[in-house]
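Written out below as structure tokens is the structure these notes cover.
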Amino acid sequence: MDTIIFDVDDTLYDQAQSFHRTVRKLFQEPFSDEEIDQLYTASRKYSEILFDQSEAGEISQFEWQTGRIMAACKDFNIPIDTEKAAIFHETYVTEQKNITLFPEVEELLNVLYKEGKQLGILTNGEEKHQAMKIKQLSLSRWIPAEMTFISGTIGHAKPKREVFDFIEKKLDLDQTKTVYIGDNFEKDIIGAKQAGWQAIWMNHRKKALPTNATYKPDKVVHSAMELLELFTKKAYLW
């Protein structure tokens with residue numbers, strides 16, 4: 001592979017950690033880590049649904065930001081209103097200012113950078129918020145600004161083919177030598193594959209492969225360590 005492009009959230013770092021800290025701060029209930037993990041999974045499910053509605057102009061960004069935790073809490077009969085959901089979102093954003101790369105991802109970026117690979121970022125979300133996370137992770141050490149793409153600035157979001165085509169034309173990419181790495185099967189894997197790119201599923205949440213999936217990832221890894229080993233052992237040369 002000549003070009004490796006990464007998703008950000010839950011691919012380069014563990015997004016659940018910020019969520020756990022936010023829940024611990026705002027809820028009095030003595031939730032176990034497993035219970036918070038279940039709430040996090042539900043929140044991410046609703047976040048994807050509501051993000052798409054927000055992108056389509058069907059709901060506001062505020063409704064997306066608050067609605068995901070409200071819907072998740074409803075699943076588990078946890079009381080929450082719009083005001084508390086707004087505070088949850090604000091606290092969650094603050095906690096994300098403390099995110100750090102998976103150690104193995106940092107090592108991988110060093111390896112790929114030294115090998116002279118073209119590295120990039122493609123992430124869904126609002127420009128200012130995603131740029132904050134990219135800055136916090138110090139990704140500019142390996143990935144220049146011109147190789148960083150945020151859906152909020154492009155006008156299209158994953159999995160729409162337009163966002164992948166935009167980057168392909170912008171960077172004059174060779175599809176057969178370009179791989180996209182992401183954690184979300186629908187947004188990342190289907191998005192990349194329908195655009196003709198190679199795709200690696202960073203499935204560290206160990207989700208099941210959809211049985212009716214039209215596209216399949218070229219490789220699946222279940223941890224940052226497996227991702228590192230995939231490249232350092234040259235096992236990506238399919």
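For the range 7-69, divide the Cα radius of gyration by the Kirkwood radius and give the resulting Rg/Rh value with two decimals. Mind showing how you got there, number by number?
On the way: Rg = 12.9 Å, Rh = 12.7 Å.
Reported Rg/Rh (Cα atoms, Kirkwood Rh): 1.02.
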(request) Restricting things to alpha carbons, tell me how big the range 37-178 is in terms of Rg and Dmax, in Å. (result) 17.3, 51
(message) Once neighbouring chains are kept in place and the probe is 1.4 Å, which whole percent of the accessible area of the range 38-95 is contributed by carbon and sulfur?
(response) 52 percent
(message) Connecting C-alpha atoms closer than 10 Å in a GNM of the chain, tell me which of Gly116, Gly125, Gly152 has the biggest fluctuation.
(response) Gly116
(request) Provide, in order from the shortest bin, the percent of all Cα-Cα pairs of the range 16-111 in each 5 Å bin, continuing until the bin that contains the maximum pair distance. (result) 2, 13, 21, 23, 17, 10, 8, 4, 1, 0
(message) Quick one: the Cα spread of the range 100-186 along its three principal axes, in angstroms, biggest first?
(response) 31, 31, 25
(request) With a cut-off of 18 Å, note down the residues of the range 186-214 whose backbone N falls inside the zone around a label point 7 Å from the Cα of Glu229 toward its beta carbon. (result) 200-207
(request) Starting from the Cα of Glu162, move 7 Å in the Cα-to-Cβ direction to define the label point; list residues of the range 122-144 whose amide nitrogen is under 17 Å from there. (result) 123-127
(request) On a C-alpha basis, how far is the centre of the range 189-237 from the centre of the range 11-80 in Å? Whole number, if you could? (result) 25 Å
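With 31 Å as the limit, write out which pairs from Lys74/Lys135; Lys25/Lys74; Lys117/Lys160; Lys45/Lys114 have Cα-Cα distances beyond it, or answer none.
Pairs exceeding the cut-off: Lys74/Lys135; Lys45/Lys114.
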(request) Would you kindly compute the Cα radius of gyration of the range 168-238 and its largest Cα-Cα separation (Dmax), both in Å? (result) 12.2, 34
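Counting only protein heavy atoms and using a 1.4 Å probe, what share of the accessible area of the range 125-238 belongs to carbon plus sulfur, as a whole percent? Please list the in-between numbers first.
Details: 2840 of 5740 Å².
The computed percentage sits at 49.
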(message) Considering the Cα positions of the range 157-197, please state its Rg to one decimal place and its Dmax as a whole number of Å.
(response) 9.3, 25
(message) At R0 = 41 Å, how high is the FRET efficiency between Ala208 and Gln28 if r is their beta carbon distance? Nearest 0.05 is fine.
(response) 0.75
(message) If you count only protein heavy atoms with a 1.4 Å probe, what accessible area per residue comes out for the chain, rounded to a whole Å²?
(response) 49 Å²
(message) From the Cα trace of the chain, what convex hull volume per residue do you get, rounded to a whole Å³?
(response) 124 Å³
(message) Mean-square fluctuation check for the chain, GNM, Cα pairs under 10 Å: which of Ser140, Ser32, Ser54 is largest?
(response) Ser32
(message) Using a Gaussian network model on the chain with a 10 Å cutoff between Cα atoms, which of Lys187, Lys177, Lys169 fluctuates the most?
(response) Lys169
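The values are calculated or read from the model by the stated rules, or taken from the named source; none is laboratory data. Computed from a predicted model, the values in this text were never measured in an experiment. A quick note on method: Cβ atoms are made from the backbone with ideal geometry, for glycine too, and the neighbour counts reach across all protein chains shown. Side chains included, ligands, DNA and RNA excluded: accessible areas come from the protein's heavy atoms. Shrake-Rupley method; radii C 1.70, N 1.55, O 1.52, S 1.80 Å.
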